[in-house]
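In what follows, a single structure is set out as structure tokens and then discussed.
The values are calculated or read from the model by the stated rules, or taken from the named source; none is laboratory data. Since we're looking at a predicted model, the values are computed, not measured. Cβ placement follows ideal geometry from the backbone for every residue including glycine, while neighbour counts extend to all protein chains displayed. Heads up: the accessible areas ignore ligands, DNA and RNA and are worked out on the full protein's heavy atoms, side chains in. Shrake-Rupley method; radii C 1.70, N 1.55, O 1.52, S 1.80 Å.
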Amino acid sequence: MGQSASTVAGAQNRIKFRSSPVISSMKEIDDSDDVIDVFDVGEFDYSSNIPDECLACIFHFLSSGDRKSSSLVCRRWLRVEGQSRHRLSLNAQSELVAVVPVIFSRFDSVTKLALKCDRRSASIGDEALVLISLRCRNLTRLKLRSCRELTDTGMESFAKNCKGLKKLSCGSCAFGAKGMNSVLNNCSALEELSVKRLRGITDGPAAEPIGPGVAGGSLRVICLEELYNSQCFGPLIIGSKSLRTLKLFRCSGNWDKILEVIAEQVSELVEIHLERLQVSDTGLAAISKCSILEILHLVKTLECTNNGLKTVAENCKLLRKLHIDGWKTNRISDDGLIAVAKHCPNLQELVLIGVNPTCASLEKLATNCLNLERLALCGSETVGDPELSCIAAKCIALRKLCIKSCPVSNQGMEALASGCPNLVKVKVKKCRLVTSGSADWLRTTRGSVAVNLDTPEPENPDASASDGGVPEVGNEIRQVAGQVRGVSIASSSTGRSNSFKARLGLTTGRNLVACTFRRWSCFGGSSSSRNN
């Protein structure tokens, strides 16, 4: 950017611009650092007239890499970029404690923090967490991963310093019930709690119960995953009167009796996820008392049958989303699905994995559930061409359809050419009788429909297979965060840890659901966001 003619004409006047310190400086900076002399630098700095708060807004639109590059432009941009950053992810190795003051002198407005450590490395301890809590008094979200050196004492000090915390997610940490109770007794604004593999909880009847504390009135979401003696969280769930979402994944113990108490005490539940849980039709009968329930996931709950599903359908008439992974036990079949069709007219999303519906239940669902927009059928032995033709003819509102590992053929695909007038996307995976020519023909016939066909790969006898009969290999590559003064600092809370993890075929449950919806990004479309 060169000088304009008017600037050159006034060369005898030395023009200076000073930025207004709207955002407080992280340290004292001489006035000369913020003064731009047009003729000293040879170019006019147009950004000098932009207030700091406007510059911060511009930085929010940049990617993490661009923000890092922008912070190197000048001292002012470095300061504004650091003070306008609200998300931060740190590699929480033990060496972090030495540079905590430096990091949070620059990033002094962080409200969302992730501390993640490689499981092979020594993590931060109580000292580092306390230092962070003193620097981040306005912290609202905290994620802890593999911080095995943290104790109940450190969590107690943190909770007292960060009482405005709204979301806590901890996984593979070593503190126990006392540390968790400290958070619940001090953070009155806590809305979401997610706990996975909390190693410090004492096993057996002597385990200290975890109660709601002052957070009982604010908690909206509780997620418990892979916990031994997980039922010590029972008082917390029961005491959270405003709880809206409850997710229980692979937690030990019989949950029927606890669900009965929860249903009696918590009346605002609208979303329940149960995965690999010891729960029977008795537990489903308790869930049926949640009359405003809208979302229900039953994944590999082997003792749940058609009777339990019927009870839920008869009493939870507002149900919008239903996910069932029957694990090919045939305990949930047409009878349960017909009850859903009869009593849940608001159903919009249905995912059936390892369940064997026939035309009898599919026709009822299509006829009675006029708002059914998203349908996934995976690993079903009974979903063939007649069933697909029934869906095409009856499901008028259907927009997204996923068929995986079902015995459908080109004939069933042809039925979609004239049916489902609102269809916008079809995904067919591992259906060996469907050829690419049929998919191409459907694309040509219905140009407005996106057709995704994954041709089946040759079977590998050495490959692991999921419990649902669908081969799966879940691989996660976690990237190492960028380095700042010897400590890894990612640009946002979406940063991943620096370990590489390979999880082989026995990854079940939600991985299979992910194959149908979570990897199918369009399933989170307008209708879902509108109703959530």
**Asked** How large is log10 I(q)/I(0) at q = 0.23 Å⁻¹ when the Debye formula is applied to the Cα atoms of segment 357-450, each weighted equally and without solvent?
**Response** -1.23
**Message:** Can you tell me how segment 178-308 classifies by the Cα gyration tensor, rounded, prolate or oblate, using a/c under 1.5 as the rounded cut?
**Reply:** oblate
**Rg(Cα)/(2.2 N^0.38 Å) for segment 403-451, N = residue count** = 1.03
**Request:** Could you look at segment 166-306 and say what percent of its accessible area is carbon and sulfur, using a 1.4 Å probe and all protein chains?
**Result:** 48 percent
**Request:** Within 10 Å, count the other beta carbons around each residue, average over each peptide in 223-229, 444-450, and list them highest first.
**Result:** 223-229, 444-450
**Message:** How much accessible area per residue does segment 35-171 have, counting only protein heavy atoms and a probe of 1.4 Å, in square angstrom?
**Reply:** 44 Å²
**Fill in**
In units of 2.2 N^0.38 Å, the Cα radius of gyration of segment 289-442 is 0.99
**Item:** Overall dimensions of segment 173-225 as given by Cα atoms, namely Rg and Dmax in Å
**Value:** 11.1, 31
**Request:** Quick one: check the C-alpha center-to-center distance for segment 253-328 versus segment 139-192, whole angstrom.
**Result:** 29 Å
**Prompt:** For segment 380-438, what's the relative contact order in percent, using C-alpha pairs closer than 8 Å and at least 6 residues apart?
**Reply:** 42 percent
**Prompt:** Which whole-number value in Å³ per residue fits the convex hull of the alpha carbons of segment 80-163?
**Reply:** 74 Å³
**Prompt:** Lys166: which lysines have alpha carbons under 24 Å from its alpha carbon, excluding same-chain residues fewer than 8 sequence positions away?
**Reply:** Lys112, Lys116, Lys143, Lys178, Lys196, Lys241, Lys247
**Message:** Quick check: at a probe of 1.4 Å, how many percent of the accessible area of segment 346-460 sits on carbon and sulfur atoms?
**Reply:** 48 percent
**Asked** Among Lys68/Lys167; Lys394/Lys425; Lys289/Lys400; Lys310/Lys342; Lys68/Lys160, which pairs are too far apart, with a Cα-Cα distance over 21 Å?
**Response** Lys68/Lys167; Lys289/Lys400; Lys68/Lys160
**Asked** Where Lys and Arg each count +1 and Asp and Glu each count -1, what net charge lies around Arg443 among other residues with Cβ under 14 Å from its Cβ?
**Response** +1
**Request:** Give the shape of segment 106-205 as rounded, prolate or oblate, defined through the alpha-carbon gyration tensor: a ≥ b ≥ c are the square roots of its eigenvalues, a/c under 1.5 means rounded, and otherwise the shape is prolate if a/b is larger than b/c and oblate if not.
**Result:** oblate
**Message:** Taking a ≥ b ≥ c as the square roots of the Cα gyration tensor eigenvalues, with a/c under 1.5 meaning rounded and otherwise prolate when a/b beats b/c, else oblate, which class fits segment 292-361?
**Reply:** prolate
**Item:** Viscosity 0.692 mPa s, temperature 37 °C, Stokes-Einstein D of segment 313-401 from Kirkwood C-alpha radius, µm²/s
**Value:** 260 µm²/s
**Prompt:** For segment 273-395, what is the accessible area per residue in Å², given a 1.4 Å probe and the full set of protein chains?
**Reply:** 32 Å²
**For segment 353-394, diffusion coefficient by Stokes-Einstein and Kirkwood Rh (Cα), 10 °C, 1.306 mPa s, µm²/s** = 152 µm²/s
